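Contents: one structure, followed by commentary.
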Amino acid sequence: MKKTLALLLSVLMLVTLLAACGGDSGTPDTSGDSQQEENAGTPEEPSNDEPEAPAAGGTVGVCIYQFTDAFMTTYRNALQEILESKGYNVTTVDGANDQAKQNEQINTFITQGVDALIINPVMTSAADQIIATVQAAGIPTVLINREPTADQMAVYDKLVYVGCDARQSGTMQGELILDTPNGGDINGDGKVSYIMVQGDPENVDAQYRTEFSVKALTDAGVEVEELNLTRGDWMRERGQEIVANDLAQFGSAVEVVFCNNDDMAIGALQAIQAAGRKVNEDIYLVGVDALDAALEEVKNGNMTGTVLNDANGQATAAVEQMELLLGGKTFAAGEQSVYVDYVKVTPDNVGDFMG
Ligand code: GAL
């Protein structure tokens, strides 16, 4: 009888102890999958108000659209570092610019029972399918870098997008040209003649930067002439090839080279130098991202300027949002995009961005 009572008492104590631990998500969770078990056993809490304190630890699957992308390399390294420093078990995979491959990777992560996913989609047009998959599995998910529409995201409340508003970066590129001594009109013929080296046009980043860089000029009352627009898919070699061809075709008529990102601008610079042209004297060149190589060229006067695409800031925000999701936060439709600001980089402030 005494024994039974003692047993009953210890069971009671254990239950009380477990209940107390369940409510304390601030306790680091290093076991990998206990977070998910915890979520599975907890009834849905639709409240947006007071998310629990973030639970460090657990497993995170990170899907990157393509490892050879220079900017996304900086970004994924930052993500990995932040997540690991917080005690998460992280696996980062390369989608190799292949949506079918990325879909498989997402499914594998789900089968493995990851606690959260951070996904940089290969194609924004595949967002519906990606969202349906993570929703069916109930995995808290942060989308990064390639923004779906608000409607696409609205179907799943454990989903958030972290990125930048690409319109802002386009406008800043245009302003960098407006701020030059002749406002981009090097030959003084009353108009700015430019070539546009575009990223992957499937991305809003490429679409908006292309549109808003030029819009900044026309909004300021400047006449523009587009000599050529070619897609370079964010890649340095493509930037080099495209600008070499354009310079061969249009020669000194080219006053401004707009590149949707820095890696293509570095390629463009190689072509500009090979053609015997000199940036900031007989041609202007701008990019976006503030890659280390581009900062160096801005400092040396070989690029007119660039725009900081804050990889660290975005990685930090992505992890913050992921932890809020893990703590039980849900997102209302129309409030699922978190933006980090771009910053204009010129020779005057470039030192602030160099490590
Ligand atoms: C952009 C970035 C590009 C490329 C692209 C991939 O934000 O500026 O360099 O990384 O994302 O989607």
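The values are calculated or read from the model by the stated rules, or taken from the named source; none is laboratory data. Remember, predicted model here, so these are calculated numbers, not experimental data. Counting neighbours? That spans all protein chains shown, and the Cβs are built from the backbone with ideal geometry, glycine included.
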Top-ranked residue in region 197-213 [being of a type in the set (S, T, N, Q) and within 16 Å of the chain's Cα centre (by Cα); ranked as farthest from the ligand (Cβ to nearest atom)]: Gln207
query: If you take the residues of region 128-143 that are part of a helix (DSSP H, G or I) and crowded, with 21+ Cβ neighbours inside 10 Å, which of them is farthest from the chain's Cα centre (by Cα)?
result: Val134
- prompt: Counting residues that are surrounded by fewer than 24 Cβ atoms within 10 Å (Cβ to Cβ), which strands (runs of 3 or more DSSP E) fully inside region 251-347 reach at least 3?
  reply: 337-339
query: In this structure, does Gly221 turn out to be part of a loop (DSSP other than H, G, I, E, B) and either buried (at least 18 other Cβ atoms within 10 Å of the Cβ) or more than 23 Å from the chain's Cα centre (by Cα) (or both)?
result: yes
- line: Taking region 62-82 and keeping residues farther than 12 Å from Gln314 by Cβ and either of a type in the set (A, V, I, L, M) or crowded, with 19+ Cβ neighbours inside 10 Å (or both) leaves Val62, Cys63, Ile64, Tyr65, Gln66, Asp69, Ala70
message: Among the residues that make up region 79-101, is at least one of them modelled with pLDDT of 95 or more, more than 16 Å from the ligand (Cβ to nearest atom) and among the acidic types (Asp, Glu)?
response: yes
statement: In the set Ala137, Ala150, Ala127, the lone residue that is over 23 Å from Val60 (Cβ atoms) and among the small types (Gly, Ala, Ser) is Ala150
- line: Flagged pairs (Cβ under 6 angstrom, 6 or more apart or on separate chains; first in region 277-288, away from the ligand (no atom under 16 Å from the Cβ); second assigned to a strand (DSSP E or B)) are Arg277/Ile283; Val279/Leu285; Tyr284/Val256
